[in-house]
1. Please count how many residues of the stretch 46-67 are farther than 25 Å from G24 by Cβ and among the aromatic types (F, W, Y).
2. Please go through the stretch 1-19 and pick out each residue that is surrounded by fewer than 10 Cβ atoms within 10 Å (Cβ to Cβ) and either β-branched (V, I, T) or within 17 Å of the chain's Cα centre (by Cα) (or both).
3. Please find, among A28, A74, A86, A82, the residue that is surrounded by 12 or more Cβ atoms within 10 Å (Cβ to Cβ) and assigned to a helix (DSSP H, G or I).
4. Is one or more of the residues making up the stretch 35-57 surrounded by 15 or more Cβ atoms within 10 Å (Cβ to Cβ), aliphatic (A, V, I, L, M) and not in a helix (DSSP H, G or I)?
5. Those residues that are among the acidic types (D, E) and modelled with pLDDT under 85, I need them from the stretch 64-86; list them, please.
6. Of the residues A69, A20, which single one is of a type in the set (A, V, I, L, M) and out of contact with any Ser or Thr (no Cβ under 8 Å at 6 or more places or on another chain)?
7. Consider L89 against the criteria (1) at pLDDT below 85; (2) farther than 30 Å from F8 by Cα: it satisfies all of them except one. Which criterion is unmet?
Amino acid sequence: MHQTTIRFGGELWESLQEAAGSGGVSVAQYVREAAIARVAFEAGRANERAMRHAIETAKLSRERAAWLADESEAVQRQSELAQRRARSLRDKS
């Protein structure tokens, strides 16, 4: 994957946060999907097959983002459990 920085004005950022939040995704995922949709639109004008590929890529991107969120939550819970266990062992010693 490639990473980039995008700057938004205050009003646009607030609009993005609201729109992403109502869709249940992060602003990064929302912007990613918007970019993919734009590419899909352009590809569709030129080549229907490429459009189908772009749409599938968008679906996979959303699925991967959901999976990563779940994995991140699981790692966070493991970390909290390990911290509680360490505190318990320290208290007993």
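1. 0
2. Correct list: M1, H2, Q3, T4, T5, I6.
3. Being surrounded by 12 or more Cβ atoms within 10 Å (Cβ to Cβ) and assigned to a helix (DSSP H, G or I) holds for just one of A28, A74, A86, A82, which is A28.
4. No: zero hits.
5. D70, E71, E73
6. The match here is A69.
7. That leaves (1) as the condition not met.
The values are calculated or read from the model by the stated rules, or taken from the named source; none is laboratory data. Since we're looking at a predicted model, the values are computed, not measured. Neighbour counts are summed over all protein chains in view; Cβ atoms, including those assigned to glycine, are modelled from backbone coordinates with ideal geometry.
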